[in-house]
Amino acid sequence: MDTLALFNILLFIPLVSAGIIALFLRRGGIVAAGVSVLAALGIAVVSFMILFGWNGEPLGGDHYSYTWLEFGTYQINLGYYFTYESATMLAVVAFVGFFIHVFSVGYMDDDQNKGRFFGGLSIFMFSMLGIVLASNLFMIFIFWELVGFSSYMLIAHYWDKDFAAAASKKAFIVNRIGDFGFLVGIAWAYHYFGTADFAEINALIASGEKHAVTGIGLLLMCGFLGKSAQFPLQVWLTDAMAGPTPVSALIHAATMVAAGVYFMVRIFFLLTPDVLEVIMWICAAMAMLAGFWALGQSDIKKSLAYSTLSHLGYMGTALGLGFPGLAIMHMAMHACFKATLFLCSGSVIHACHHEQDMFKMGGLWKKMPITGTAFLFATLSIAAVPMFAGYYSKDTIIGAAFGVGAETGNSAYYGVWALVLIAALTTSLYMGRMFYVVFLGKPNSEKAEHAHESNLWMTVPLIVLGIFLSLGAGWFASSTLDFKWANGEMTAMLPTDATTFMMDGYDVAEDGSHAGDTAHHVDKPHHGYGGGFTAAHHAIDASGQKTMLEGSSFAMMLLGFIFTFFYYGLGPSKDKLQTQLPGLYNALAKHGWFDDIYDWYVAEVQERFANILATLDQLLISGLLVRGTAGVAGLFGMVSRSLHVGNIHGYVYWFLAGVLFFGAFALGML
Amino acid sequence: MNYNGFQELAATNQWSAIWPELSMAGIGLLVLCLDLFLPSSRKRLIPLVAIFGQLALLAVLVMGCGCATESTGPLFGGMIESGPYTPYMRAFFVLSSTLVCYLGVSYLSRQNLPRSEFYLLTIFVSGAMMLLVQSSNFVMLFVSLETVTIGFYVLVSYCRYSPFSLEAGLKYLILGALSSAILLFGIVLLYGAASNPALAQSTTDSMNFAALGKFIAATPEEPLVLVGAVLVLCGICFKIGAVPFQIWVPDVYQGAPTPVTAFLAVSSKAAGFLVLMNLVAGPFAALSKLTVPLLSAIAIITILFGNITALGQRNVKRVIGLSGIAHAGYLLVGVVAMAVGVALAPWAIIFYLFAYLFASFAVFGVMVHLAGVEDEIQEIDHYQKLAERQPFLAGVLAIGLGSLAGIPPLAGFIGKLLLFIAAFQAELYTLLGAAIIGVVISVYYYFGWMREAFFIKPALPGDEARPSYPMPGAVGIIHKLTLGLLVVITVLMGLFQRGIFGG
C-alpha cells in the first residue's frame, strides 16, 4: 500500500476511535475500552508496516502534503515529513502506547468513566502522531496544542477531586506560557525564512542562503521548556500526577513530555550554538536538581515525576552538547523504563487500593513478583547498570559531556559533566530508596498487607516493557549484542529504521543514504556535532579517559544503591531523612520554592495589574463602547421591529413603496 | 416560422439533459401513486421512498459534480441553458429537499395532518427550482417560478388547524401574487420594448435572455427597459427577502411549519439568488450602471435592517427569518461584486449558499426536535439549559449558529470571507463596511441564543419545577447521525475549502 495512504490511516484510526467513543460510547464502559485498545493495536500494526516498508529516503514534499489555506502567497499546508528521527519516535509512540492502552484496561476496571478516559487516550494518540509526522511549524503547533488539550482532559479525569482539577489547570496554563513564545517564534521563523516547512528551512540553511537566528531558536525553545517541563516551567509536571497512572506513564513520562525534545531535534538545524548552550545548562542543572527533589517526596508517583524531569534534563543535555541522535536515544530508552516504572507503580497503587504513599507499602516483592521483577529491571535500567537499556544512552551522555570538553578545550563542559554525574548519583539514590521502601521489608499498612499480583491485562505489558525492553532496548548500540534478523529489518530488539537516527543522528549523510540533508552545518562547534551514539563514543574515545568515565559513572551508581540500602533500610514506615534532617527534607520537598514564587507573583503583581485593567475595561470598553453601541442598535431594533405590524394592508403598501423606490432609481431620480 | 424552423427547435429538445429534474418529477409521481394504491398500514413507506429516492439521485449528482461539465448550449428552443453552476445547484436543491422531507417526518409525527402531500409538494417544488435556475427565457422563468410559488402557498399553510399557519399562508399568497404580478408586468414591458422594430437590435424572440441581452446592450438608456428591469428585480427581491420586500418574512417564517420555514429559508432564497445572478450576468449585464447602485443600496439596507430587527426577537423562528434577511444582504454584496465583474463572486455566493444550507439545517434540525405540538411558539426561553438536558443538541446548535454568525473555523466564516474578498476585489468598500457592522451585530443575537442554551439558569427556583415548554425526549440515533453529519460537514468546509469548487 502507498505510504501516504498508510500515514492517513495512521492518523484516522485514533480520530475515528475518539469520535465513536465521544458520540456513542460515553457511558460505554468496556466497549469504549475495547474500541480504544483496538485503535492502539491498529496504530502499532500500521506503524510497523510503515517502518518495514520504508527504504530510508526522507518522505515529504508536495506528494505528502495537502494545501489547507491559501491566500495569495500565504499558504498553510498539512503534510507529512518522515525521516529517521520520526521513525524512532513513531516506533516508541506506537509500541509503548499500545501496551499502556492494554495496561489501562486492567487499571481502570473499577472506574465509572471509562468512556471519557479511553476517548481521551485516543485523542492523545491522534495528536501525538500528528506531532511525529508534521511537516511544518504550523501543523506541529496545532497538534502541540491538541496534546496539551488531551493532557489537560486526562489529568482532570478525577475531576471531582479539587487537586486534580487544579493540577490540570496548572498544566494547561504553564504550557500556554511556553506556547506563547513558541507561537511568536513560529511567526518570526515564517517571516524570516518565508516558509514553515521543515525540509525547506533545512535546505535554506544547508545551502547557506539563510542563517539560523538565535532569537528564533530561543523562542521556539520556549515550547520545549513548557512541554518537557524544564526550568522555569517545570512546576506543572509533578502536579500532573493527579491523573490516572497510565496517563502519567504514557503522556507525562514516555511520549508527550518527550515531544519537546523531539521537536528540538526536528529543528536542530535552526538552533544556533548559543541556543544549544542555553538548553545544555538549563537541562543539566535540571537533571541534577530534580534528582535531589525526588528524595523529598513520599508519594511514589511524584517521586517518579521528578525522576522524569531529571531524565528530560539528560535528553536536553545531550541535545545541547550537539548530539540529537543521543537525545532521541535516551528518549526511547527512557520511554521503556520510565513507562515500566509508572506502570509498576500503577500496579502497586491498584493492588493497594489507591494508596500512593510509599511508606505505607513495603514488602510487596513476595506478594507481587511480576511487578517487582519488572520494577527491578527498570530500576537497574534507569540507574545505567551495564547491559541494561539505560546504560547505553545515559552513560554515553555523561561521557560525551567530558569528551566534548576534552575536544574543544572548553572547561565549561566539565561543569556539565559534573552536573550530570551527580544527577546519576541521585538516580540510584531515589530509585534505590523507592525499591527498598516499596518492595522489601514488611508491609506497613493494612492495604499493603492484602495486596496481590495484578491480572494479565496489567502484567503482560509489565513483562514486555519492563523485563524485555528495559533490559534489551539498547542492545543495538552494543558492539556484541547488535544481532540483526528479519532480513536486517530488526536490530536486537528494535526495528533497524528506528535505531539509525539514534546511532548516527544527522550524520547519516556520510553513508550516502541521507544525502543533501542537514549534515552541512555552517559552523560546527565540535567534531561530533549533529551526530548520535557513534559520534559521542568517538568523542569519549578521543579524550583517552574512557576507563575513568565508565568507572566514575559505575561508582556513582553503586554508591547510591549501597548508601540508600544502609540509610533507609528495608521497608521502613517513616522517611529517615524527614525525621533526622527535617530542614533538608523540607527544602527538597519544596523543590526550590518555585511554586511559592509563582504564587506570589500571580497574587501580588499580576493580579493587581489585572485589576487596574479590569477597571478600565469596565468603564471604557464595556460601559461606553459595548453597552453604548448595543443600546443604540437595540433602539433601532425596537423601531424596525414595530414596523412588522402584522397587518396585510400595511405590507402591501410596503411593496408599493418598494416598487416606487426601485422605479425612482430606474428613472434616475435617486 | 416554417417547417424547418420547427424541426431545428425540436432537435434541441434533449430530454436526457434534464434527467435530474425528470427524476424528481418521477419520485414525486411515485409518491403520489403509492399514496393512492398502498393500504394505509403500509403508508409509512412513503417518506422512506421520498427520502431514499432523493438520496440516490443526490449520490449520482454528487458523483457527476467531479466530472468536467460542458455547457450543452440552449435547449428546448432556448428555454433552458445549463451554466457552470448548474451541477452544484442541482445537488443543492436535491439535498435541501431531502433534508426538508427528513425534517417533515419528525414534524408530521407530532401533527394530525395528511402526510404524503407534504413530500410530494416538496419534491415537485424542488424540481421546479432546479428548472428555474436554468431558465434562459422569461416564459420558462415565470412558469417554473409560479410552480415553486404555488407549491409554497400550500406548504406554508400546511398546518390547517393552526391559525398562525393559515394566516401565514394567506399573507404569502397575497404578497406572492402581488410580487408575481409586478414581475410579470416587468417582463411584459421588456417584451414590448424589445419587440419594437423602431429600436436597434429589436428581436422577435424577445423573451429569450440572449436576444434580450443583445437588445439591452444596444439600447441601455430606454426608459421602458429600465422600468421593466427594475420591476423584474422587484419580483426577485420578494423571493430573496431583500428590503423593502422583506416585510412578509418574519410572519410567514413563524407561521409556516418548521420544515417549510427551512425550505423557504434555504431553497427558495437560493433559487432567487441564482435567478438574480443569471439576470445580472445575462440580459441585464449592460444595465450595470443601474443594477450596481440599486443593488448596493438594497444590500446595505437589507444587512442593517435584518440584523438590527433580529436583535430583540424572542421567537426563534422570527430570529431565523430576520437573520435570513441579513444573509440575503451579504449575498447581495456578492451579486453586486459579480455585476462589477469579479470572477470569484459567483463561486463565493455558491459556497456561501452551501455553508448556509448545512448550518441552517443543523439549527432547524434542533428546532424541529425541540418544538412541541404548537410549532409556531418556539421561544428562545425554551432553550434554557439545553446543554445540561441535551448536550448533543446544544453542541449542534452552537456549531450551526456559530457558522451562521461566521465564527472561524466553521464554513460560515469562510463563506463570508470569500464574499468579502470578492467585494474587496470589486472595490465595494462601503458595502464591505456595512457587511462587517452587520456581522458584528449578528454575533449578539446568535450568541444570545447560544448563551441561553449553555449558561442561563432559570431565574426563580420554582421555575425549574414546572417548565412551561415541552421537554422532548432523547435524540434518536438517525437524528444524531444526520445532525452529526451536518455539523461535521460544516466544520470540514471551514477547514478544507480548497478543492470544493476547484479552488
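The values are calculated or read from the model by the stated rules, or taken from the named source; none is laboratory data. Predicted model only: the values in this text are computed from it and were never measured. Don't worry about glycine lacking a Cβ; one is built from the backbone with ideal geometry, like all the others, and counts go over all protein chains shown. Accessible surface is based on the protein model in full, side chains and every heavy atom, while ligands, DNA and RNA are left aside. Shrake-Rupley method; radii C 1.70, N 1.55, O 1.52, S 1.80 Å.
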Exercise. For segment B:379-437, list log₁₀ I(q)/I(0) at each q in 0.15, 0.16, 0.17, 0.27 Å⁻¹, using the Debye formula over Cα point scatterers of equal strength and ignoring solvent, two decimals each.
Key: -0.58, -0.62, -0.66, -1.03
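Explain nothing, just the number: relative contact order of segment B:14-502, from Cα pairs under 8 Å at least 6 residues apart, as a whole percent. Walk me through the numbers on the way to the answer.
Numbers: 751 pairs, mean separation 61.8, N = 489.
That works out to 13 percent.
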Practice problem: Answer with one residue from B:284, B:433, B:407: the one whose Cα lies farthest towards the positive end of the charge dipole of segment B:14-502, charges on Cβ with Lys, Arg +1 and Asp, Glu -1. | Solution: B:407
Quiz item: Between residue A:207 and residue B:33, what is the spin-label point distance in nm, taking each point 7 Å from the Cα along the Cα→C-beta axis?
Solution: 6.8 nm
Quiz item: What does segment B:14-502 give for Rg and for Dmax, in Å, if only its C-alpha atoms count?
Solution: 22.0, 80
Quiz item: Where the only charges are on Cβ atoms (+1 Lys, Arg; -1 Asp, Glu), what is the dipole of segment A:163-219 about its Cα centre, to the nearest 20 debye?
Solution: 400 debye
Quiz item: Mind listing the Cα extents of segment A:188-287 along all three principal axes, in Å, largest one first?
Solution: 48, 25, 18
Quiz item: For segment A:238-350, what is the per residue volume of the convex hull drawn over the alpha-carbon atoms, in cubic angstrom?
Solution: 81 Å³
Quiz item: What do you reckon, how do A:435, B:124 stack up by accessible area (1.4 Å probe), largest on top?
Solution: B:124, A:435
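Expressed as a rounded percentage, what relative contact order does segment B:5-154 have, with Cα pairs under 8 Å and six or more residues apart? All intermediate terms of the calculation are to be shown ahead of the outcome.
Numbers: 161 pairs, mean separation 45.0, N = 150.
With pairs under 8 Å counted, the relative contact order is 30 percent.
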Exercise. Net charge near residue A:351: determine it from the other residues with C-beta under 10 Å of the C-beta of residue A:351, scoring Lys and Arg +1 and Asp and Glu -1.
Key: 0
Quiz item: Rounded to the nearest 10 Å², what accessible area does residue A:365 show when all protein chains are kept and the probe is 1.4 Å?
Solution: 90 Å²
Self-check item: Rounded to 10°, Cα long-axis angle of helix A:256-266 versus longest principal axis of chain A
Solution: 90 degrees
Exercise. Roll a 1.4 Å probe over the protein heavy atoms and report the accessible area of residue B:40 in Å², nearest 10.
Key: 100 Å²
Quiz item: Counting alpha carbon pairs within less than 8 Å and at least 6 residues apart, what relative contact order, in whole percent, applies to chain A?
Solution: 14 percent
Quiz prompt | Pair residue B:59, residue B:496: separation of 7 Å Cα→Cβ label points (nm) | solution = 2.1 nm
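Estimate for me the total accessible surface buried between chains A and B (protein heavy atoms, probe 1.4 Å, no ligands or nucleic acids), in Å² to the nearest 100. If you can, show how the numbers build up before the last one.
Values: alone 27050 and 20110 Å², together 43740 Å².
Roughly 3400 Å² of accessible surface disappears when A and B pair.
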Exercise. Skip the ligands, DNA and RNA, and give the accessible area per residue of the protein assembly as shown with a 1.4 Å probe, whole Å².
Key: 37 Å²
Quiz item: At each listed q (0.07, 0.08, 0.09 Å⁻¹), what is the log10 of I(q)/I(0) that the Debye formula gives for the protein assembly as shown modelled as equal alpha-carbon point scatterers?
Solution: -0.78, -0.94, -1.07
Exercise. Determine the distance separating the Cα centre of segment B:284-314 from the Cα centre of segment B:118-171; give it in Å without decimals.
Key: 24 Å
Self-check item: Estimated inter-spin distance, residue A:603 and residue A:538, nm [label 7 Å along Cα→Cβ]
Solution: 5.5 nm
Quiz item: Please state the Cα pair-distance histogram of segment B:168-231 with 5 angstrom bins from zero: what percent is in each bin?
Solution: 4, 20, 25, 19, 10, 8, 7, 5, 2, 0
Self-check item: Square roots of 5 times each gyration tensor eigenvalue, C-alpha, segment B:247-397, largest first, Å
Solution: 33, 15, 13
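Accessible area of chain B with a 1.4 Å probe: how many percent of it is carbon plus sulfur? Intermediate results must be reported in sequence, preceding the final value.
Details: 12610 of 18480 Å².
Ligands and nucleic acids excluded, carbon and sulfur give 68 percent.
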Self-check item: Area of residue B:424 that stays accessible when all protein chains are in place (1.4 Å probe, Å², to 10)
Solution: 120 Å²
Exercise. Could you work out how far helix A:628-641 tilts from the main Cα principal axis of chain A, as a 0 to 90 degree angle to the nearest 10?
Key: 50 degrees
Quiz item: Which whole-number value in Å³ per residue fits the convex hull of the alpha carbons of segment A:59-154?
Solution: 103 Å³
Self-check item: Separation of alpha-carbon centers, segment A:401-461 and segment A:260-304, rounded to whole Å
Solution: 16 Å
Quiz prompt | Helix axis angle, A:84-107 relative to chain A longest principal axis, alpha carbon, degrees | solution = 90 degrees
Quiz item: Summing Lys, Arg as +1 and Asp, Glu as -1, what charge do residues with Cβ under 12 Å from the Cβ of residue A:88 carry, residue A:88 excluded?
Solution: -2
Quiz item: Whole-Å semi-axes of chain A's equivalent ellipsoid, largest first, each the root of 5 times a Cα gyration tensor eigenvalue?
Solution: 47, 32, 26
